[in-house]
Amino acid sequence: MDFQKHTLVVLVADKPGILNRVASLFRRRGFNIDSIAVGHAEQPNLSRMTIVVGGAEGTVEQVRKQLAKLVDVVRISDITNEPVVTRELALIKVKATAASRNEIIQIVDIFRANIVDVAADSLTVEVTGDGEKLDSLINLLRGFGIKELSRTGCIALTRGTTSSATAEE
Amino acid sequence: MKLTGAQILCEALLKEGVEVIFGFPGGVVLPLYDTLPQYSQLRHILVRHEQGAAHAADGYSRATGKVGVCLATSGPGATNLVTGIANAYLDSSPMVAITGQVARPFIGKDGFQEVDITGITVPITKHNYLVLDVNDLARVVKESFYLARTGRPGPVLIDIPKDVFIEQTDFRYPEKVDLPGYKPTIEGHPTQIKKAAKAISESKRPVILAGRGIILSDACEELKELAETSQMPVVTTLLGIGCFPESHVLSFGMIGMHGMAYANFAVSNADLIIAIGMRFDDRATGKVSAFAPKARIIHIDIDPAEIGKNVRVDMPIVGDAKHVLRELNKLVGRRLHVEWVKQLDTWREEHPSVTIRESENLLPQFVVRKIYEVTGGEAIVVTGVGQNQMWSAQHFWYDKPGKLISSGGLGTMGFELPAAMGAKVGCPDETVWCIAGDGGIQMTIQELATIVQENIAVKIAIINNGYLGMVRQWQDLFYQKRYVATPLSGPDFVKIAEAYGLPGLRVKTRREVVPALKKAMAYKGAFLIDFQVEPEENVYPMVPPGAGLAEVIEDPQKKPARSSAPDLTASSI
């Protein structure tokens, strides 16, 4: 099976219940969402969802077609194989003692991440980047003990003038 | 002039050509019911249970081709519609279901009879709406009917809070819908159609596999032209029955678990399947990996998500069946498949799936056959689910679309009586026979009261074998005859009929069948016949669950008992 992660950019009508409709469809058809991020799009009344879904080629094709059947879904693009900018943000609260604090700060600097909160026994780190960058920072920090972790899920836009899933065809 | 939400709804229904609403009142829909007398053109039929309203709207829709409308109050009224909505969804029946909702200030507070019906019906509607502003109501109704009847049809639910029915605004019915996320593909891709035409011209053993999509898109004539021009045999799904005249020389009946042996053999030996308006349901395909193993598959369907969902497809064509077939017919040349059709005829002779064996006893197949003979085939047959359904499909021949009405996808026992009622309301001049089992009829038997109150002249034949027959058959064949929870000690259906106020007859022998049917037909109103048939009769042919279509079990009381599809190699024809 050619299992691959796909990034779908979905432009939806900004109506109550749309998240439920999308989530319900994934649950019902047994598709697994890796991450989903939703926010307002460039046009009023439209939202853009970035959904990362893992699965064989046929499965992802079914996801795309089933999503397209939702009346409130305006457009869908599978941007997996296109030049894109993807970003994700994570907040990581990591245990920090007097002994380990400096080492953590060095790692954070290397990743061009920021420390956004300092407490007696912890540091909270904010990091943005693609998923892989976040994964590696999180792995490094795990050694110090991660108390809390929150990730936004990935958002993506295609590079240059081409646009993914705009309302105009 | 300002109208109330309830008036706007009624005005909008009239604009959509609605004539009948199947419904049941309750607290939050009272403002609407109070308004109904102002709109005498809208006939309201009071059902006895909301499930009956949904099935009746579905039956009405299947018989007339129009959008069926049902109406229920909030909470339990709405949830009682759910089975009927799901049934319509799986069989792509156009329906608009209207539910009342608690007044806006109470939404989300678990008010009396509040339920999140839009949330509940997300996976079983094409779309649904909760109307929170009376100014949206006209547009929502317009969109709902448009969505229900276009593209791949289906049910749409509109949930309306009580205070929205009361609120007033100007009524303006929109001319057009504006749904940027909804653009069904109607025209097939020309290149794909060309490819399909070429495949047809190269094929030596083509089979057309036709489904309900043909009926829904009114493409029966186009289908006939395609079949006749290229002399291709036609088989159908259960819901496709009637889209091609079953008396036609090129018709080889229904495929699937209880399909005709020869239809299944045809599919198993075809080198090309032209599947139109069908979705490769597992009851139709049998084991998917063994489905049409020698064939390339053309799949014509309006729903792109059906392409490649269950079965690999070589030539997909997304589009409306009527439009695609019209274009395809321009390209397909005259051909003959004499040898191939002759082969199918031979299989039909060698494996006569619809002969009824000799028996002193009253066989259920015999009853269905006699209904066919007495009506001369001129009837709408509405079935339950299970054995009665399969016998109705096998032993009655349908030459026109919309004459067999049956719950295919969901397989809803209890569909038969209310759906027959809806069909008769939609087609008052046609004879409507409800062929039911003694199990299913009891699930919605309360609609006998509706039938009597509204003078709906449905003829009801209960195929009474004292069992949940199809489940018993599976216990017989696959669970060593352990009949757990399938024997029924039913009520006295004749007395039931009498209690509801319609005439009933009990028939126990073969010779009583035709006189009873004639009596029922001659009677002006609804009529019920309780046919007490052979209790342990099984439906054959049967493809066992998990087996390929070629592995047909035929009636062991007729020979030969089991037959595998004769294996044609490409060279033999």
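Normalising the average separation of contacting C-alpha pairs (under 8 angstrom, six or more residues apart) by the number of residues puts the relative contact order of chain A at 27 percent. I'd like to know which of A:Val71, A:Leu46, A:Val60 lies farthest towards the positive end of the charge dipole of segment A:4-78, counting +1 on Cβ of Lys and Arg and -1 on Cβ of Asp and Glu. Comparing the listed Cα positions along the dipole, A:Val71 ranks first. For the peptide B:179-187, the mean number of other protein chain Cβ atoms found within 10 angstrom of a residue's Cβ is 4.
Using a cut-off of under 18 Å, list every residue of segment B:513-541 whose amide N is near the label point 7 Å from the Cα of B:Tyr479 along the Cα-to-beta-carbon line. Backbone N within reach: B:536-539.
Classify segment B:190-350 as rounded, prolate or oblate from the Cα gyration tensor: take a ≥ b ≥ c as the square roots of its eigenvalues, call it rounded if a/c is under 1.5, otherwise prolate when a/b beats b/c and oblate if not.
The shape class here is rounded.
Take chain A and mark each of the trypsin sites (Lys or Arg not before Pro) that is in a DSSP loop with at most 12 other Cβ atoms within 10 Å; the longest unmarked stretch, sites excluded, is A:1-111.
Between the helical axis of B:5-15 and the longest alpha-carbon principal axis of chain B there is an angle of about 40 degrees.
Determine the shape class of chain A: with a ≥ b ≥ c the square roots of the Cα gyration tensor eigenvalues, call it rounded for a/c under 1.5, and otherwise prolate if a/b is greater than b/c, oblate otherwise. Prolate shape, in that a/c is at least 1.5 and a/b is the bigger ratio.
Identify the trypsin sites (Lys or Arg not before Pro) of segment B:485-534 meeting these criteria: DSSP loop state and at most 15 other C-beta atoms within 10 Å of the C-beta. Present the calculation step by step, with values, prior to reporting the outcome.
Values: sites: B:Lys495, B:Arg506, B:Lys508, B:Arg510, B:Arg511, B:Lys518, B:Lys519, B:Lys524; in loops: B:Lys508, B:Lys524.
Filter output for segment B:485-534: B:Lys508, B:Lys524.
In a reduced charge model with +1 at each Lys and Arg Cβ and -1 at each Asp and Glu Cβ, segment B:2-170 shows a dipole moment near 420 debye about its Cα centre. Neighbouring Cβ atoms from other chains, within 10 Å of the Cβ of residues in B:125-138, number 1 on average.
Check each of the GluC sites (Glu not before Pro) in segment B:291-393 and keep only those in coil by DSSP with at most 12 other C-beta atoms within 10 angstrom; list them in order. Don't skip to the answer; put the middle values down first.
On the way: sites: B:Glu306, B:Glu327, B:Glu339, B:Glu349, B:Glu350, B:Glu358, B:Glu360, B:Glu373, B:Glu378; in loops: B:Glu358, B:Glu360, B:Glu378.
Here the GluC sites (Glu not before Pro) that fit, given the DSSP loop and packing criteria, are B:Glu358, B:Glu360, B:Glu378.
Under the rule a/c < 1.5 gives rounded, and otherwise a/b versus b/c splits prolate from oblate, where does segment A:4-78 land using the Cα gyration tensor? Taking the square roots of the gyration eigenvalues as a ≥ b ≥ c, segment A:4-78 is prolate. Summary of packing: across the peptides B:328-335, B:274-281, B:129-136, B:165-172, the per-residue average of other C-beta atoms within 10 Å ranks them, highest first, as B:274-281, B:129-136, B:165-172, B:328-335.
Using a simple spin-label model with pseudo-atoms 7 Å out from Cα toward Cβ, A:Ala13 and B:His248 lie 3.9 nm apart.
Using DSSP to call loops (not H, G, I, E or B), can you name the GluC sites (Glu not before Pro) in segment A:41-77 whose Cβ has at most 16 other Cβ atoms within 10 angstrom? The partial results should precede the final answer.
Numbers: sites: A:Glu42, A:Glu57, A:Glu61; in loops: A:Glu42.
Filter output for segment A:41-77: A:Glu42.
In this structure, B:Ala457 and B:Ser359 have a Cβ-Cβ separation that, at R0 = 51 Å, corresponds to a calculated FRET efficiency of about 0.95.
Values quoted throughout were computed directly from the atomic coordinates according to the rules given, and no laboratory measurement underlies them. This is a predicted model, so every value here is computed, not measured. We place every Cβ from the backbone using ideal geometry, glycine too, and count neighbours over all the protein chains shown.
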